[in-house]
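One structure is given below, represented as structure tokens, and several questions about it will come after.
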Amino acid sequence: MMHPDTELHFISPEVGYGVFATRPIPRGTLTWALCRFDRVMTLDEVEALPPAYQPHIERYAYVDSAGNYVLCWDLARNVNHSCAPAMLGVGPDLEIAVRDIVPGEQITCEYGGLNLSGKLRCMCGAPDCRGRIGGDDVLHLWQGWDAKVAHALKLAPAVAQPVAGYARNARQFWAWAHGTEPVPSHRAYHAGESSSADDVSSRPWALRSRSAEGK
Ligand SMILES: [Zn+2]
């Protein structure tokens, strides 16, 4: 469930749509939660879908640390990557604003933690843009992401949290925010596959085919 103070904007034919803030969203605010409307599918379930469904999976689903495909039901599936993202993951099922987001600003996330199966060319425009993003980026960037999330979480108890009510485990989020339970590292959500494919197509995610895995 995406934060309610957001809307979809068309950006360009190359990028497509993006998600933008309609009101200020302060650092420490949950911006997204995996909710009961979102669809989580195994690779077998995805491959059993008729061909007409596959382009939608390739374009809009991401892969979690267990190798499941997650298809968001709302505008969250249109969130674009930035190498300087406005939000980062806190645990596997939540995203938190890691800076103050102003109205009209695009809300971006970090695809480098989403187990991409190939490399994507990045056109995010951030000063420190990596140029290409892949599923293994998390292996050398996780410490910086964890530090930003830790800072944001300290502010979480003091800001409105309209997304928390949709979280699958809101109690755990508050335990992280209040420091009573350790926050899991981004490093823990790498699915363990190397992104060796040289895929720079416009598709955000590419299906891992059984033939490509040598099965
Ligand atoms: Zn970039």
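So what J values fall out for segment 26-32 if you push phi through Karplus, 6.51 cos²θ - 1.76 cosθ + 1.60 with θ = phi - 60°, rounded to Hz, Gly and Pro as x?
3J(HN,Hα) across segment 26-32, in whole Hz: x, 3, x, 7, 5, 9, 7.
Now, a different point. Could you grab the relative contact order for segment 84-128? Cα pairs under 8 Å, six or more apart, rounded to a whole percent.
38
Report ³J(HN,Hα) in whole Hz for each residue of segment 11-23, in order, from the Karplus equation J = 6.51 cos²θ - 1.76 cosθ + 1.60 where θ = phi - 60°; Gly and Pro get x.
9, 6, x, 6, 8, x, 9, x, 9, 10, 6, 9, 9
Just subtract the alpha-carbon distance of M41 and I11 from 0.36 nm times their residue separation and send over the number in nm, one decimal.
7.9 nm
A further question on this structure: Which of the listed residues, A61, H151, P127, is farthest toward the dipole's positive end in the chain, when Lys, Arg count +1 and Asp, Glu count -1 at the beta-carbon?
H151
Please arrange V183, V159 by how many other C-beta atoms lie within 10 Å of their C-beta, fewest to most.
Arranged by neighbour count, lowest to highest, V183, V159 become V159, V183.
Based on the inverse mean of 1/r over its pairs of different Cα atoms, what is the Kirkwood hydrodynamic radius of segment 1-138, in Å?
Kirkwood hydrodynamic radius for segment 1-138: 15.5 Å.
Here's another thing I want to ask about it. State, as an integer percentage, the relative contact order of the chain based on alpha-carbon contacts under 8 Å between residues 6 or more apart.
That works out to 27 percent.
Please rank M87, M1, M41, fewest neighbouring Cβ atoms within 10 Å first, as an exposure proxy.
Lowest count first: M41, M1, M87.
Here's another thing I want to ask about it. So for I57, I96, I101, fewest C-beta neighbours within 10 Å to most, what's the order?
Final ranking by Cβ density, sparse to dense: I57, I101, I96.
Please give, to one decimal in nm, the separation of the simple spin-label points placed at V102 and R132, each 7 Å out from Cα toward the Cβ.
Going from the V102 label point to the R132 one covers 3.5 nm.
I'd like the Karplus ³J(HN,Hα) series for segment 75-90: coefficients 6.51, -1.76, 1.60, θ = phi - 60°, whole numbers in Hz, and an x wherever there's a Gly or Pro.
So the J values, rounded to whole Hz, are 5, 4, 5, 9, 5, 8, 7, 9, 6, 10, x, 6, 9, 9, x, 10.
Also, I was wondering about something else. Under a point spin-label approximation (7 Å from Cα along Cα-to-Cβ), what is the H140-E181 distance to one decimal in nm?
My value for the distance between the label points is 3.3 nm.
Once Lys and Arg get +1 and Asp and Glu get -1 on their Cβ, which of V163, G16, N115 lies farthest toward the positive end of the dipole of the chain?
Comparing the listed Cα positions along the dipole, V163 ranks first.
Would you pull out the residues with amide H under 5 Å of D93's amide H, same chain only if 5 or more places away, H placed 1.01 Å from N?
none
Bear in mind that the values in this text are calculations on the coordinates, not laboratory data. This one's a predicted model, so the numbers in the text were calculated from it and none came from an experiment. Glycine gets a Cβ as well: all are built from the backbone with ideal geometry, and neighbour counts include every protein chain shown.
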